[in-house]
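Q: Quick one: structure below, then a few questions.
The values are calculated or read from the model by the stated rules, or taken from the named source; none is laboratory data. Since this is a predicted model, take the numbers as computed values, not measurements. Here the Cβ positions follow ideal geometry from the backbone for every residue, glycine too, while neighbour counts run over all protein chains shown.
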Amino acid sequence: MTTALRPSHWTLRTKLVSSVLLLFIIIITAIGALTVWQLHNTLAGKIDQQLANSAQQLTGPGADRGDPLSYQGGGGDSLHVDLLAGTVVYVPDRQNGGTRPSALISRLGAAPTQLTPAQINAVRAAGIGREPSTIDLARAGDYRVVAVQHSAHLQNQATGITSEQTITTVIGLPLRDTEATVRTAALAVALLSGAGLILVGLATAYLVRRNLEPLRRVAETATRVSNLPLSAGEVVMHERVDPADTDERTEVGQVGLALNQMLDNVDGALTARQESETRVRQFVADASHELRTPLASIRGYAELSRREREPVPTGVQHAMSRIESESDRMTALVEDLLLLARLDSGRPLEREPVDVTLLAMETMSDAHAAGPDHRWKLDLPDEPMEVVGDEARIRQVLINLLANARRHTPAGTEVTTRVAADGGDVVVSVSDDGPGIEPDLLPHIFERFTRGDSARTRTEGSTGLGLSIVHAVVTAHGGELTVQSAPGSTCFTMRMRRSSQETPAPMPSVAP
Ligand SMILES: Nc1ncnc2c1ncn2[C@@H]1O[C@H](COP(=O)(O)OP(=O)(O)OP(=O)(O)O)[C@@H](O)[C@H]1O
Ligand SMILES: [Mg+2]
């Protein structure tokens, strides 16, 4: 049996309908069989009673044996066979002064029919007794018969002498009518049962479908909710089960109500999460913004004190230069944090045509100047590649990627920047043949403050925010950023929609 055919895999609807039908079939079969059996018994009892009455006429005190044998049978055919010592005999028909075969089927209102020798043999072979039994009289059909012993006056046809002898008369009544009645009744019961089965099947299917409809709607709501993007960003969850399907008095209503309560709960939790996320973002943005001014002052005063003409002790000079460099680093960090907080809050970006080819050339030349020990290569298309976006941010993406390729690889590494068109997209990739990103780090590379051990120990000023900014900027432009890295080959690929002459689609404001 395949899995789908197993009842445990059936839908609730199929299970309910087939259970009801099975129950109906069992009940209707039992009732039908009982009715037909009872009808058969009643009719057979009636025939047996008629046979007993007829036997009484032959043997009873008032039996007039001088008259032709007759008895009160039911309508239809009746069987009358006289047997003498087991032989079918002809008895004189005293009414007409002749003889007639006594083995005959007499019909009310019609001439009697002579039994065939085969039928007479069947009567004799059946061993009929005083209790009614059923025999098959070949073409004449089934008969209910009894044997009655009684005395009768028989005339010897040779001598003409009449004597009283004991003979056995088999009297019988046809079962044909009874059988026909029972058959008709059985057919009627079967037809009615069949019609009832179809009706019950259709009605059950309709009722079950109608009653399970609310459950389907509840399931639909649950499916819609499960497809909502709930993991990040501002989530508005308006989906609820219709109030009509939340009636506590019904089982389906209880499911609907429970789902609605769960959705209320989840909605509340999501709103709280969203609010707390917004507060944290706001705090980071405010804090970074506030830090800018004192940092600018520190840098300013450090620079001022460097310009001081009075001789300054070497230790103080060193301390002042450290203050200056660290405050530079902190300024960069604060700027990065501020930028990330702004991108997170989904603040709209500038929307202007940006020539990525030109940006690649400029940033490459800066990187070359900053890292003359690396080998820098540029692979540009013949035509300019434009995207719509914020030039400063896209420039920063390239700067960050190139800075990484310079700072996290040894001298002599070859770094290639490639700009190409791919369908309606512009694909910019920065690849290097350096040692690659540590495998543990790779899945989390775009998360904030993720940096490799080498960057922690060796590289000055590494914060682990560079790639999260790259990712946030590309995503905010509706683009896609991917990374592939193995020892000897690391490649960051950025894919953005190429700007066309048509009005560009509105920029999505994405908060990661
Ligand atoms: N081209 C590369 N080759 C090898 N490792 C890299 C490369 N680019 C990035 N990494 C690894 O990924 C980490 C994260 O890079 P990310 O730019 O986010 O931070 P960072 O460079 O350490 O600091 P910063 O915020 O100053 O950029 C780096 O610390 C480094 O270990
Ligand atoms: Mg970096």
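Q: I'd like to check something: does region 431-449 contain any residue that is surrounded by fewer than 17 Cβ atoms within 10 Å (Cβ to Cβ), outside the structural domain of L339 (by TED's automatic domain parsing) and within 12 Å of ligand 2 (Cβ to nearest atom)?
A: yes
Q: Additional query: Hey, among A367, A332, which residue is in a helix (DSSP H, G or I), of a type in the set (G, A, S), assigned by TED's automatic domain parsing to the domain that holds T490 and in contact (Cβ under 8 Å) with a residue 40 or more places away in the chain?
A: After ruling out the rest, the residue left standing is A367.
Q: Which of the residues spanning region 423-466 are near ligand 1 (Cβ under 8 Å from one of its atoms), at pLDDT below 95 and not in a loop (DSSP other than H, G, I, E, B)?
A: D453, S454, A455, R456, G466
Q: Quick check, is T181 outside the structural domain of N260 (by TED's automatic domain parsing), at pLDDT 80 or above and not charged (D, E, K, R)?
A: Yes; evaluated as a whole, the condition is true for this residue.
Q: Related question: I'd like the full set of residues that are more than 14 Å from V470 (Cβ to Cβ), more than 16 Å from ligand 1 (Cβ to nearest atom) and crowded, with 20+ Cβ neighbours inside 10 Å, limited to region 362-415.
A: Result: M385, V387, V388.
Q: Related question: Considering only residues that are under 30 Å from S276 (Cβ atoms) and basic (K, R), which ones fall in region 341-394?
A: Answer for region 341-394, where residues must be under 30 Å from S276 (Cβ atoms) and basic (K, R): R342, R347, R393.
Q: Show the residue pairs that are 6+ apart or on different chains and have beta-carbon atoms under 7 Å apart, the first residue being within region 402-417 and outside the structural domain of D366 (by TED's automatic domain parsing), the second being within 10 Å of ligand 1 (Cβ to nearest atom) and polar (S, T, N, Q).
A: Hits for this filter: zero, empty list.
Q: Do the conditions hold for V218, that is, is it in contact with a His (Cβ under 9 Å, 6 or more places away or on another chain), not in a loop (DSSP other than H, G, I, E, B) and not acidic (D, E)?
A: So V218 fails the test.
Q: Okay, moving on. Based on this model, can you work out whether L378 counts as part of a helix (DSSP H, G or I) and at negative phi?
A: No: the conditions fail for L378.
Yes/no per residue for (1) buried (at least 16 other Cβ atoms within 10 Å of the Cβ); (2) more than 60 Å from the chain's Cα centre (by Cα):
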position: E310; (1), (2): no, yes
position: G315; (1), (2): no, yes
position: I323; (1), (2): yes, yes
position: S327; (1), (2): yes, yes
position: A332; (1), (2): no, no
position: R342; (1), (2): yes, no
position: P348; (1), (2): no, no
position: V354; (1), (2): yes, no
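One line per residue, one yes/no per condition, for (1) closer than 30 Å to T35 by Cα; (2) exposed (fewer than 14 other Cβ atoms within 10 Å of the Cβ):
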| position | (1), (2) |
| --- | --- |
| V189 | yes, no |
| L192 | yes, yes |
| L199 | yes, yes |
| T204 | yes, no |
| R210 | no, yes |
| P214 | no, no |
| A222 | no, no |
| N227 | no, yes |
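Q: Let me ask something additional. Identify, by number, the condition in (1) among the hydroxyl-bearing types (S, T, Y); (2) in a loop (DSSP other than H, G, I, E, B); (3) within 30 Å of A287 (Cβ to Cβ) that T409 doesn't meet.
A: (3)
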